[in-house]
Amino acid sequence: MFGIVFRQELKVLFANRTWWAILGLLVALTVLAALNGQARFAQMQATAAQLNQDEATTQNALKATVERYEKNPTGDPPSVSSPGNVGLSILGHYAVMAHDALAPLSVGQSDVQPFYYRVTAHPPHTFLNASEIQNPLNQMSGSFDVAFVVIFVLPILIIAVTFDLMSREKEAGVLALLAAQGVPLRTLILAKTAARAGIILAVLLALVALSAALIGADLSAPETAAKLALWFGVIAAYAFFWFALALLINAMNWPSVTNGVVLANLWLFFVVVLPSVVNVVAGTLYPAPSRVELTTEMREATELADKEAAESRESYLFDHPELAGAGANLDNFYIQVLATDAAVEKVVTPIMAEFDAQAAKREGVVDLLQYTSPAIAAQQALNALAGTGNERFKNFTDQVLAFHGDWRGYFTSKIIKGERMTAAAFDAIPAFAYTAPGFGLAQTAVDGPLLFMFVVGLILVLWAIRRYARYPVV
Amino acid sequence: MIASIARKEFIAALRDGRVMWSAAIFAVMLIAALASAAQRYADISQERAAAQAIVNEQWQNQGEKNPHAAAHYGVYAFKAVTPLSFFDTGVSSFTGVSIWLEAHKQNMAEGEPARDATAIARFGELTGAFTLQMLLPLLVILLAFASFAGEREQGTLRQVLAMGVSPLDLLFGKALGAAAAVGLFIAPIMVLGLIGLAMAPDGLAFFGNGMVVAALYIIYAVIFLFLTLAVSAAADSSRTALVVMVAFWAVSSVALPKAASDAARLVHDTPTAIAFQRAVAADLETGVDGKSLDAQVNERREATLRLYKVDAVEKLPINFQGIVLGLQEQMSNAVFDKHFGQLNGLMLRQQGIFEAMSALSPRLAVQLASMELSGTSLGAHLDFAAQAEAYRRNLIDTMNKAMTMNSSGANPEYRAGPELWGQVGPFNFTHPGLTASLSKLGPSFMVMFLWLVASVIAAVMAVRKLKALIA
């Protein structure tokens, strides 16, 4: 019986023009979104390539100047042989994060969080604040990406094709006829839903493959393939939730119009209202420290450090006795810069740590409260798979901070020991190598949401099936 | 006749549990959003004012210094918030809150709040404006989608029309009844909100803005009301009317603003920060007009020596280094004007794309107008940056002149003190008044007006062809 109804429904759906229009819309929007994401990330990659190139040019020019002097050492050594001048003034190193293969599918936080920093020998707060030029209007509106089509648009399309699944049959008087012919209600509704869900899932599967092709994802890389499979899993689970919800609402035996109103309200509730409420909750429980106060406190610290520059110098060397070798030729100016930097850093570090701690707690609240709304769960999971969630940028910043330690250490030790930058020393300047976090980081962020959406969907289906036992056909 | 139809619609709406539940939830969210806006305004305005006071004090009490050292010390400009800033946060989550004003450099604003938010903030912030822009239309749709189509399905439309009721009376009666039902929830909140605004610090200065904002949202709701009535009259069933209106709402309110942002980037792309810095650095080398600093300094040296009739810079009664700094500042200002001017121009052209696309989306139109009037638009941020920059230039100029006039060969160790620091005065961001905001809103007002007219005409035309029976 299921098979008969299922096949019949497929026939009806294939002949239905509205249905084709809805599928066409889904395909068109996804293709547009994928191309759009692709263009955005291609631009970022071009920027990244440019950074490394210019970086190398500057460094080579400095090295060449020093080399010329080494071949013909007449007069004073060039100023670029001063490690302080190079590390604290002229040179910076661009630490660039490489984007994941699936990043173009979900822009996520990548229009807000920097994907590169210009690391210098100054403390981290001096370069961590830099941001890319963006029109705030564009950031506010967000990007039209595949994740948006999935999270916002897909449920609307699902609601549009399911809200009157049963009620319409009843309103048209068909239901009584079918029941009279001995078609079990549950079989009928499940077959009808399955036909629709089957087609949509098939289309989604095709769309995932198509968008992967459009963004040029290399599926021969096992990790990318696995992420894409999970991506489809998340979309499928999300779609399953909305189908299940529609199935349940249909089981309430309300008129079609009421079903439509209720489902529209539920969409609004899960996709618009709950996320904004959870955002308020997370922000109120664990607000970020004030950046405004940070600014004034940093300034006070800088001034204090300048005033006490001499003493600070002593204490800096006291803190770093290993650097104050006997007979070290101290470059006074840059020593003083380092001392001031250290004094400011002492003030800023605990505040920055507070920023991080609060951010981690906020993310913790969201990790927990994502289970109030499948839309939040789906967003978190899709961002994690695309590598564009906050945790990914945090991981990048941590790598940059570790690298900054090496880079700064390289120059400060030379400054304090009074060494000059030789041509060989330029080659030995540490370079940043980004390591993408393993599959695990994405996986842990995806498992919970995936399971949640699937289980909730299943509960809704079972609940609906129970209700259909008492569904009046007339 | 219109009055009695309106009364019937009003009572029917109040008896509809669906509508009342939706309206009650909406009202609770709006009240919560407004209350939190008042709280945030109180906190943040105080915090920014305190920070500005600290920075001003630091400047004033920096001790005795060479004026150019003071110029390097500089000050910070903090963006003061308006009483409506948290009713409609606009773009302010994505713009910096302070700018460092120092010698030789025009810096960009720092400290975007969005960097400290979780990814779910991107779904939208729960503000009064967000609630009104996103939820109010949906409430109106739920209230009105069945107005004609539902009566047709029940067969009452046939009876009413047979009684000789004019379709236009029916339309305006239904509109009035629905408006009264929504107004029952919204009007008291709006009035309370406006009273709260008037009582907030600086609130009276923005009361006019608040009134215009309130009026805009009322018009916005009316647009959706007439659109829904038009669709309800023309649709073959209330089911279709609901689907069409919800789809229109979703596309125009949710999808189009995102599409607008991508279209804006495609059409007028802004440079990357690195490209921008490089372009500025390149022009700082050569000067905008191709005249290098050295050439300008030489020219000025000759002229100054001639003026004072001496043959060497050391013999001048003034400090020529101060003049050099002034020239350098003039030259770099021209470079900043060129590049920041181009960048701001690009961003405003991107906003133009949003304005153009608001022709398809009433939400976009009301959103642009609402944040402009709330002082949280792109334009307001650029105003802040411009005022801060003007303040910086005056500050640097004052320092350079003091250096030129007071430290000379006779007095090389000149140190300025609090009198000079005090000459600069504190920085205060003054938000452009209502008239200035209104003058920028031509496109948005025009779009809203056209939507209003079009929705009423559509409704009138739809009821003129009203069919009493289901086809």
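Quick note: the coordinates plus some simple rules give every number you see, no bench work behind them. What you are looking at is a predicted structure, and each value in this text was computed from that prediction instead of being measured. Here the Cβ is made from the backbone with ideal geometry for all residues, glycine too, and neighbour counts use every protein chain on show.
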If we count every other residue with Cβ under 9 angstrom of B:Ser237's Cβ, Lys/Arg +1 and Asp/Glu -1, where does the sum land? 0
Report the normalised scattering of the stretch A:172-312 as log10 I(q)/I(0) at q = 0.09, 0.11, 0.14, 0.16 Å⁻¹, calculated by the Debye formula with identical scatterers on the alpha carbons. -0.59, -0.74, -0.93, -1.04
Principal axis box of the stretch B:379-471, alpha-carbon based, largest edge first, Å: 100, 20, 18
Stokes-Einstein D for the stretch B:68-178 (4 °C, 1.567 mPa s, Kirkwood Rh from Cα pairs), in µm²/s, comes to 67
Give me the percent of Cα-Cα pairs in chain B that sit more than 32 Å apart, rounded to a whole number. 53
Only counting other Cβ atoms within 10 Å, I'd like B:Glu112, A:Glu345, B:Glu413 sorted with the fewest neighbours first. B:Glu413, A:Glu345, B:Glu112
Local charge sum around B:Tyr41 (other residues, Cβ-Cβ under 13 Å, Lys/Arg +1, Asp/Glu -1)? -2
Can you give me the P(r) profile for the stretch A:229-292? Cα pairs, bins 10 angstrom wide beginning at 0, each as a whole percent. 18, 30, 28, 16, 6, 1
Write out the trypsin sites (Lys or Arg not before Pro) in the stretch B:431-468 meeting two conditions: DSSP loop, and at most 16 other Cβ atoms within 10 Å of their Cβ. B:Lys465, B:Lys467
Global geometry of the stretch A:1-93, whether rounded, prolate or oblate, following the gyration tensor of its Cα atoms and the 1.5 cut on a/c: prolate
If each residue's Cβ is checked for other Cβ atoms within 10 Å, how do A:Met252, B:Met245 rank with the fewest at the top? A:Met252, B:Met245
Kirkwood Rh over alpha-carbon pairs of the stretch B:214-279, then Stokes-Einstein at 4 °C and 1.567 mPa s: what D in µm² s⁻¹, rounded to an integer? 87
For the protein assembly as shown, give the magnitude of the charge dipole about the Cα centre (Cβ charges: +1 Lys/Arg, -1 Asp/Glu; no others), in debye to the nearest 20. 4200
Looking only at aspartates and glutamates whose Cα falls under 16 Å of B:Lys258's and that sit 8 or more positions away or on another chain, we get A:Asp111, A:Asp145, B:Glu125, B:Asp269, B:Glu355
For the stretch B:148-188, the spread of Cα positions along each principal axis, largest first, Å: 38, 19, 11
What do you get for the angle between helix B:238-249 and the principal long axis of chain B? Use alpha-carbon atoms, 0 to 90 degrees, nearest ten. 0
Cα axis of helix A:17-71 to longest principal axis of chain A: angle in degrees, 0 to 90, nearest 10? 10
Given +1 on the Cβ of Lys and Arg, -1 on the Cβ of Asp and Glu, and no further charges, what dipole in debye does the stretch B:171-327 carry about its Cα centre, rounded to the nearest 20? 360
For the stretch B:25-73 and the stretch B:184-238, what is the separation of their C-alpha centers, rounded to whole Å? 31
Looking at B:Gly203, B:Met245, B:Ala264, which one has the Cα that reaches farthest to the positive end of the dipole of the stretch B:193-314 (charges on Cβ: Lys, Arg +1; Asp, Glu -1)? B:Met245
I need the per residue convex hull volume for the stretch B:208-351, using only the alpha carbons, in cubic angstrom as a whole number. 182
What average number of partner chain Cβ atoms lie no more than 10 Å from the Cβ of the residues making up A:274-284? 6
Let's test this: bin the Cα-Cα distances of chain A at 10 Å from zero up to the farthest pair and state each bin's percent. 4, 16, 22, 19, 14, 10, 7, 5, 3, 1, 0
At a 10 Å Cβ-Cβ cut-off, how would you order B:Asp16, A:Asp427, B:Asp88, fewest neighbours first? A:Asp427, B:Asp16, B:Asp88
Measuring from the lowest to the highest alpha carbon on each principal axis, how far does the protein assembly as shown reach, largest first, in angstroms? 109, 62, 45
Between B:Pro83, B:Ala49, B:Gly155, whose Cα lies farthest towards the positive end of the dipole of chain B when Lys and Arg beta carbons carry +1 and Asp and Glu beta carbons carry -1, centred on the Cα centre? B:Gly155
Can you give the charge dipole size of chain B about its Cα centre, rounded to the nearest 20 debye, using +1 on the beta carbon of Lys and Arg and -1 on the beta carbon of Asp and Glu? 1560
Across 5 Å bins from 0, what is the distribution of all Cα-Cα pair distances for the stretch B:35-96, in whole percents? 4, 16, 21, 18, 12, 11, 9, 7, 3, 0
With a Cα-only, solvent-free Debye model of the stretch B:134-257, what are the log10 I(q)/I(0) values at q = 0.09, 0.11, 0.20 Å⁻¹? -0.33, -0.47, -1.08
If eta is 1.306 mPa s and T is 10 °C, what Stokes-Einstein diffusion coefficient results for the stretch A:54-129, Kirkwood Rh from Cα pairs, in µm²/s? 105
Which value, to two decimals, describes the C-alpha radius of gyration of the stretch A:385-474 once divided by 2.2 N^0.38 Å? 2.25
